[in-house]
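One structure is given below, encoded as structure tokens.
Every number in this text was worked out from the coordinates using simple rules, so none of it is lab data. This one's a predicted model, so the numbers in the text were calculated from it and none came from an experiment. Methodologically, a virtual Cβ is constructed for each residue, glycine included, from the backbone with ideal geometry; neighbour enumeration extends over all protein chains shown.
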Amino acid sequence: MSNNRICKILKISKPIIQAPMAWITSPKLVAAVSNAGGLGVIGPNCGLKKPVSSVKDTVEEMRKSIRKTRELTTKPFAMNVFTSAYDPFGYSKNIIDLCKEENVNILALIGGTNGFTVIAREINPTVKGSIAAEKAGADIIVATGCDEGGAMPYLVNGMTSITALISDAVKIPVLSAGGIVNEKLARAAKAVGAEGAYVGTRFMLSKECRLAQNAKDEILRTHPDDYIVCIVSNGVSRWRTLPNEISRNGVNLNKKGNFSPPTGNSFKSLIQGNLQEGGVSIDNTISLIKTIDSFILFKKNSRTIFANGNQLPQFLIYTEVFTEYGVNGYRIDIGLAEREYDFMCPSITKYYGLGYMSFLQREITNWRSTRQGNTSKTLRNNMYARAPMLKCSVRSSSRDNSAFIKRKWK
């Protein structure tokens, strides 16, 4: 069982929460995240084939999404709801009632709601707001940086700075949000106090996400210097999008003092793929991802995956960064194709990097059985890659490095 507090609270194995992106979540995506060990979250208009106009119709469509998700996973998943300030039509009150009926007990919400596990996220996160959410009964706080996609905070704290501030101010665990698309950025979040990641844009470039294919292709093609940011919602938040006429118009209207420019039709742009009809909002680091990946890759034979290691989906590679280390441990790297993946030898303690995947367990078992001199020179050299960091040899199984590990990683 993981020592990670977020994993314990949510009853998941990897502290990665899929952000509830409007329109582009679906039972398929939510279930895929949960089945991989994270927490999938049903977002607004999840799985809808066309817009609906009433709260009643919305609730019934969400009921269908909940039940379809349950057909695809037995793991926990959550529902996104809004506080009254952002919900003038009473959508969330009815959705909370629906969650009670359908036994969905995790909410992405700010404030206390009896009977639910609450993941609290402010649009514009502050230390005072996080303390207030903790006092109101929230179980987990999301520290959102201006690096994120969607409704970006108007405040300009980045992911690392806001995470450091909030994690220092509250006792409950903190999730980082904003631009976390790979292991390197997950490590940065952990270094400043995060115990997990709240990830949206990275999942847009998965085969399980129902975002229109041409929108995915455009994300891969667009240079990060060409993203456009404008102020929306009467100055409450900002919006980073792929460049199009709507976003350029938003910038021009901002210059004239209009901070509620039209943002277009999200259904037409995100689902139908008409990219001039609405914005495609992304975080500021998504250009680091070069391929559209699938969770299905993890179900392949281990040898096939090792042969194609450079295509492994990064959004699951970093999921064990937040796992606490055991007492005796040795960090080992195995070079795969053009990358290196970190993990802990399971015979000693937990490993991190790719998570608790059976194909890595088999590879480590194979290594253990041959480490007395039969291991290939190439594999052995790769294993030595970072052993000096822990001041030990990977061939040793007796030296106690607990003090170093606690000092370096906890």
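Side notes on the structure shown:
- Ordering Val170, Ala138, Met152 by the projection of their Cα atoms onto the charge dipole of the stretch 132-259, which places +1 on the Cβ of Lys and Arg and -1 on the Cβ of Asp and Glu, puts Met152 at the extreme positive end.
- Packing around the peptides 161-172, 42-53, 186-197, 202-213, taken as the average count of other Cβ atoms within 10 Å per residue, puts them in this order, highest first: 186-197, 202-213, 161-172, 42-53.
- Note on the stretch 181-283: dipole from Cβ charges, positive end direction compared against Ser206, Gln276, Pro261; the farthest Cα belongs to Pro261.
- In Å, descending, principal axis extents of the Cα set of the stretch 9-119: 36, 32, 22
- Pairs of Lys in the stretch 168-292 closer than 19 Å at Cα, counting only those 8 or more apart or on different chains: 6
- Percentage relative contact order, the stretch 68-159, counting C-alpha pairs under 8 Å, at least six apart: 19
- For the stretch 233-299, a Kirkwood hydrodynamic radius built from all Cα pairs, placed in the Stokes-Einstein relation at 4 °C and 1.567 mPa s, yields a translational diffusion coefficient of 95 µm²/s.
- Radius, Kirkwood style, for the stretch 123-200 when every pair of distinct Cα atoms is counted (Å): 12.0
- Net charge dipole, the stretch 1-150: roughly 420 debye, given to the nearest 20, about the Cα centre with Cβ charges of +1 for Lys and Arg and -1 for Asp and Glu.
- Both the radius of gyration and Dmax for the stretch 88-224 are 16.1, 46 Å, in that order, over alpha-carbon atoms.
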